[in-house]
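Read-outs throughout are calculated quantities, based only on the coordinates presented, and are distinct from any laboratory measurement. All figures in this text were calculated on a predicted structure; none of them were measured in a lab. No Cβ is skipped: glycine too gets one built from the backbone with ideal geometry, and neighbour counts run over all protein chains shown.
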Amino acid sequence: MQKLKTSAADLVAASRGRIEEIETRDLINMMHDPDVVIVDLRDIRERQRSGFIPGAFHCPRGMVEFWIDPESPYFKEVFGQEGKRYVFHCASGWRSAITVAQLNDMGFPCAHLREGFSTWEAQGGPVERSDLDWE
């Protein structure tokens with residue numbers, strides 16, 4: 001197999017060097033702020049298996065650039081709210097770091113949960129579980 005010029009870990013490290021990272025404890029304290037929108041990038045199967053942050057908006061990673069772009073036919077109004085602070089997360093912080101760097105490059109200011117959902121419950125964050133997740 002051919003060696004990649006840039007590894008996934010390199011992409012994550014480069015992204016983390018230029019984005020805002022939120023610690024788990026800090027996001028737990030912010031989660032009831034009506035001006036904070038938590039966005040879950042994980043696959044629906046991850047949400048079903050591990051649960052999810054109550055009130056988090058589910059946006060599959062593959063659609064995020066299209067859902068935040070007001071000129072896209074896939075635009076979602078949740079991303080057009082004025083005065084909101086958007087914090088994205090995935091399972092471990094890798095996908096969300098790359099995503100947030102990309103969104104910042106597009107002109108969409110946002111941050112990400114540094115350690116992802118992996119430490120959320122252990123640090124006292126509430127988790128909702130459901131057999132059906134049809135967001």
Residue in the stretch 66-101 that is surrounded by the most Cβ atoms within 10 Å (Cβ to Cβ), counting only those that are over 12 Å from the mean Cα position of the chain (by Cα) and part of a helix (DSSP H, G or I)
Ile68
Just the residues that are in contact with a Phe, Trp or Tyr (Cβ under 9 Å, 6 or more places away or on another chain) and within 16 Å of Asn104 (Cα to Cα), please, taken from the stretch 51-64.
Met63, Val64
Can you name every residue in the stretch 1-19 that is surrounded by 14 or more Cβ atoms within 10 Å (Cβ to Cβ) and closer than 25 Å to Gln81 by Cβ?
Ser15, Ile19
Among residues belonging to the stretch 102-132 that are without any contact (Cβ under 8 Å) to a residue 60 or more places away in the chain and closer than 19 Å to Arg49 by Cβ, point out the one that is surrounded by the fewest Cβ atoms within 10 Å (Cβ to Cβ).
Leu132
From the list Val39, Val78, which one is out of contact with any Gly (no Cβ under 8 Å at 6 or more places or on another chain) and farther than 20 Å from Arg129 by Cα?
Val78
Selection from the stretch 102-125 of residues outside any helix (DSSP H, G or I) and either over 16 Å from Phe57 (Cβ atoms) or among the small types (Gly, Ala, Ser) (or both) yields Gly107, Pro109, Ala111, Arg114, Glu115, Glu121, Ala122, Gln123, Gly124, Gly125
For the stretch 34-45, which positions are surrounded by 12 or more Cβ atoms within 10 Å (Cβ to Cβ), outside any strand (DSSP E or B) and without any contact (Cβ under 8 Å) to a residue 60 or more places away in the chain?
Leu41, Asp43
Meets criteria (farther than 22 Å from Arg16 by Cα and aromatic (Phe, Trp, Tyr)) for Tyr74:
yes
If you go through the stretch 51-61 one residue at a time, do you hit one that is touching a strand residue (DSSP E or B) at 6+ places or on another chain (Cβ under 8 Å), in contact (Cβ under 8 Å) with a residue 40 or more places away in the chain, small (Gly, Ala, Ser) and assigned to a loop (DSSP other than H, G, I, E, B)?
yes
Among residues belonging to the stretch 1-46 that are of a type in the set (Ser, Thr, Tyr) and farther than 21 Å from Glu65 by Cα, point out the one that is nearest to the chain's Cα centre (by Cα).
Thr24
